[in-house]
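Heads up: the structure comes next, in structure tokens.
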Amino acid sequence: MSNSKQIRLAVVGLGYVGLPIAVAWGKTKIALVLGFDINQRRIKELKKRYDRTGEVNKKDLILAKVKYSSNPKDLKWANFIVAALPTPIDRFKRPDLSYIKSAAKIIGENLSKNTIIVFESTVYPGVTEEICGPIIEKYSGLKCGKDFKIGYSPERINPGDKKHTIDKIVKVISAQDKKTLNLIEKVYGLICKAGLYKAPDIKTAEAAKVIENIQRDLNIALTNELSLIFQRMEISTKEVMKAAATKWNIQYFEPGLVSGHCIPVDPYYFTYKAQKMGYKPKIILAGRRINEYMPEYVADLTSRALKEAGKKIKDSKILVMGLTLKENVKDTRNSKIEKTIQKLKRKGVEVFGYDPLLSKKDVEKFGIKYIQNLSSFKGDGVVLAIIHNQFKKLSLVNLKRLMTNPPILIDIKSHFKNLKKDNFIYKSL
Ligand SMILES: NC(=O)c1ccc[n+]([C@@H]2O[C@H](COP(=O)([O-])OP(=O)(O)OC[C@H]3O[C@@H](n4cnc5c(N)ncnc54)[C@H](O)[C@@H]3O)[C@@H](O)[C@H]2O)c1
């Protein structure tokens, strides 16, 4: 593969990460692209140019020259494979590497000699070389580093974020040797116009990705802990952060629920490996504990507000607005508001859900009642969990109409300024 015309590229795993990359390469029309996923429904939909995650629009799906397939044998055609598989945790918060291992097996079984395989999944340092490489060797009968080469390039895209798209962010690349790194640079260079950063080795690149998310998790945990203290002092955390961030070396963070399948998950990959190596992380896990506690705290704030309002907790009606893992995306996986809802339900609260981005079925998955039009709800309080664009125009008058007096607002994102003067029972983080 000495020039880009010879690139026969396959992307394995067409989820939030894999599909946008496959499409980006497909749009260059330079590399031939195969999009492979074991999920046949996903492949069927992509063949009809429909992306259920909402990350890639129809126009781009039509423009991109990508052949979609769920037949593993098609992978034999490829000489450059990019693998973007899920890396969740199990119920004991341990890394679940089953997807990446099963994909490595499929790749191994269908590998042609001299192929480069680049992993994109977030993992702990060592997974690519110590787990994926040997599995591919085992099922291909080929030798890693000689008959095929491996690399790692962590993904930085942020679903729903149309500003930091793959072509506009610097991407880290790494490989098991220099020649492979140069080839990876050539292939990724076709789509990463903001630049590539060559990490000295694969483990460094794996570590760099996982600590990006740990740093963010910890910064939010600190802000969440501050908010638990400021709540008692009756000070707005958001206002404090705004004031503090006027100093040149203070970064602005907001308190909140840490949802999704990256930030609340990836630190456990790293702490798992650290513990395997004989070190018990203290700060990283302390941060996780604070962030894991926040959904429960929001439920407690809600019951406190009900008591202050003189309303009974049992059988009260609370509307949760915004159920997705963050604003303006349809993804609900690992949305931490679910924990708040469960706790409220255990207290006997009747919980309703309103989210213009979700279907009735999606909302009902939370075990709550679906509200299609805000005007059809009349209850005791509202938990405003995230601020979709559609919620930005919410007026106090409209909010008040949803509730009996006194109205209760749990404003997780501090979208409104303290509404006590407007006769709300108002709580925020
Ligand atoms: N989503 C993000 O915002 C984001 C950002 C940065 C990094 N990451 C990391 O990227 C990785 C992928 O995440 P994602 O959000 O794209 O996951 P996802 O769940 O959206 O997609 C994964 C896809 O892989 C497919 N798949 C599963 N097993 C397979 C196999 N054996 N062979 C082929 N396909 C298989 C699934 O059907 C699915 O379509 C994870 O490690 C994640 O932590 C995600």
Added length on full extension, which subtracts the Cα-Cα distance from 0.36 nm per residue, Arg41 to Met233
63.9 nm
Dividing the mean separation of Cα pairs under 8 Å (6+ apart) by the residue count of the chain yields a relative contact order in percent of 11 percent
For helix 18-28, what angle does its Cα long axis make with the longest principal axis of the chain, in degrees from 0 to 90 and rounded to 10?
60 degrees
Listed with the fewest Cβ neighbours within 10 Å leading, Glu234, Glu338 appear as Glu234, Glu338
Beta bridges per DSSP with both ends in the chain, % antiparallel, nearest 5:
5 percent
Rounded to the nearest 5, what is the percent of antiparallel bridges among the DSSP beta bridges in region 111-215?
20 percent
State, to one decimal in nm², a quarter of the convex hull surface area for the C-alpha atoms of region 1-138, i.e. the direction-averaged projected area.
8.6 nm²
Rounded to 10°, Cα long-axis angle of helix 202-233 versus longest principal axis of the chain:
0 degrees
Could you check the simple spin-label distance between Arg333 and Ser112, using points 7 Å along Cα→Cβ, in nm with one decimal?
3.0 nm
Suppose R0 equals 25 Å. What FRET efficiency, 1/(1 + (r/R0)^6) with r the Cβ-Cβ distance, do Asp315 and Tyr370 give to the nearest 0.05?
0.85
Could you give the length gained on full extension between Thr404 and Ala194, defined as 0.36 nm per residue of separation minus the Cα-Cα distance, in nm?
70.3 nm
Simple spin-label model, 7 Å along Cα-to-Cβ: Asp147 to Lys178 in nm?
2.7 nm
Step through the table entries Lys314/Lys420; Lys247/Lys330; Lys168/Lys209; Lys326/Lys347; Lys59/Lys178, compare each Cα-Cα distance with 28 Å, and write down the pairs that go over it.
Lys247/Lys330; Lys59/Lys178
Within region 192-229, trypsin sites (Lys or Arg not before Pro) in DSSP loop having at most 16 other beta-carbon neighbours inside 10 Å
Lys193
Can you show me the helix-derived [θ] at 222 nm for the chain, built from DSSP H runs with n ≥ 4 at -39,500 (n - 2.57) apiece and divided by the number of residues, rounded to the nearest 500.
-11000 deg cm²/dmol
Between Ile283 and Asn158, what is the FRET efficiency for a Förster distance of 25 Å, r being their Cβ-Cβ separation, to the nearest 0.05?
0.55
On a 0 to 90 degree scale, rounded to 10, what angle separates helix 266-276 from the longest Cα axis of the chain?
70 degrees
Rounded to the nearest 0.05, what FRET efficiency do Glu254 and Arg94 give with R0 = 30 Å and r taken as the Cβ-Cβ distance? Could you check?
0.50
Need one number: nm distance between label points at Tyr50 and Lys29, each 7 Å from Cα along Cα→Cβ, rounded to one decimal.
2.8 nm
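Each reported figure results from applying straightforward, stated rules to the coordinates on display, with no laboratory input. A quick note: this is a predicted structure, and the numbers were derived from the prediction, not measured. FYI the Cβ positions are ideal-geometry reconstructions off the backbone, even for glycines, and counts take in every protein chain you see.
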